[in-house]
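Worksheet for the structure shown next.
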């Protein structure tokens with residue numbers, strides 16, 4: 001084993017590790033707060049509006065089993081996000097643009113689209129036979145709930161979240177927008193698994209590119225469709241959109257959900 005000959009260097013690395021540890025702890029705490037607050041909010045909304053339930057004939061009784069996996073998933077998410085953010089803070093990445101009225105919105109939209117592309121292809125990969133063993137746990141929930149978002153293997157969590165380790169090295173996104181994106185990512189992920197369509201809108205169906213709770217719910221119930229996260233663009237282009245998606249979402253807009261879909 002090589003001996004440490006420069007005490008100053010050793011102390012410096014200890015200091016860096018301490019700084020990263022603090023950032024990791026703050027991010028992890030924020031993720032826990034989002035998990036609990038958003039989860040309880042949707043449980044309240046779901047109880048108030050049972051008519052918004054997407055899969056009328058299925059009940060998910062796996063809540064505590066799903067929450068059992070949440071700590072590991074949150075730790076991986078915090079590790080990846082903290083790693084990318086810390087690298088940018090230390091100047092190890094490309095220099096981010098200063099935040100102003102145009103750099104913020106521009107880089108946020110670009111980064112969200114890039115993450116959606118990343119998520120789509122990682123998701124498709126996880127459905128391939130050699131990799132499905134890392135994704136099978138998540139699909140035990142045929143009718144997902146708001147707590148299903150973190151019911152995943154550590155490998156799946158890392159593959160999905162490694163984007164945040166990499167993106168500061170290729171996109172000069174201001175750190176504030178990266179934080180905002182991660183917050184959006186966490187909330188929208190839980191929304192996608194909520195099992196109830198509370199926010200049906202024409203923006204979630206053709207000709208618009210956004211996805212919805214119905215979108216991801218159909219992925220759980222029909223398996224080989226709707227791989228995207230925020231957008232339905234890649235699914236529409238590559239033929240993996242569930243055929244009844246647009247009609248089902250429209251039925252929730254009118255207040256008469258299509259039970260057959």
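Every read-out reported here was derived from the displayed coordinates using simple, explicitly stated rules and does not represent laboratory data. These figures come from a predicted structure and were not determined experimentally.
Which semi-axis lengths, in whole Å and largest first, follow from the square roots of five times the eigenvalues of the Cα gyration tensor of the range 122-201?
Values: eigenvalues 114, 79, 18 Å².
Whole-Å semi-axes of the equivalent ellipsoid: 24, 20, 9.
Once you have the alpha carbon radius of gyration of the range 1-117, what is it after dividing by 2.2 N^0.38 Å, with N set to its residue count? Intermediate results must be reported in sequence, preceding the final value.
Values: Rg = 20.9 Å, N = 117, 2.2 N^0.38 = 13.4 Å.
That ratio works out to 1.56.
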Tilt of helix 213-222 relative to the longest C-alpha principal axis of the chain, in degrees (0 to 90, nearest 10)?
-> 80 degrees
Sort out for me the Cα centre separation of the range 1-80 from the range 153-171, rounded to whole Å.
-> 14 Å
Candidates 78, 211, 15, ranked by Gaussian network fluctuation over the chain, Cα under 10 Å, top entry | 15
Project the alpha carbons of the chain onto their principal axes and report the range along each, largest first, in whole Å.
-> 71, 41, 38
Pick from 12, 228, 189: which residue has the top mean-square fluctuation in a GNM of the chain where Cα pairs under 10 Å get a spring?
-> 12
Whole-Å distance, taken between Cα centres, linking the range 94-129 and the range 183-230 | 17 Å
Taking Cα atoms, how many degrees apart are the long axis of helix 7-48 and the longest axis of the chain, rounded to 10 and kept between 0 and 90?
-> 20 degrees
Mean-square fluctuation maximum in Gaussian network of the chain, Cα pairs under 10 Å, restricted to 11, 185, 217, hits 11
In degrees rounded to 10, the 0-90 angle between helix 175-192 Cα long axis and the longest Cα principal axis of the chain is 30 degrees
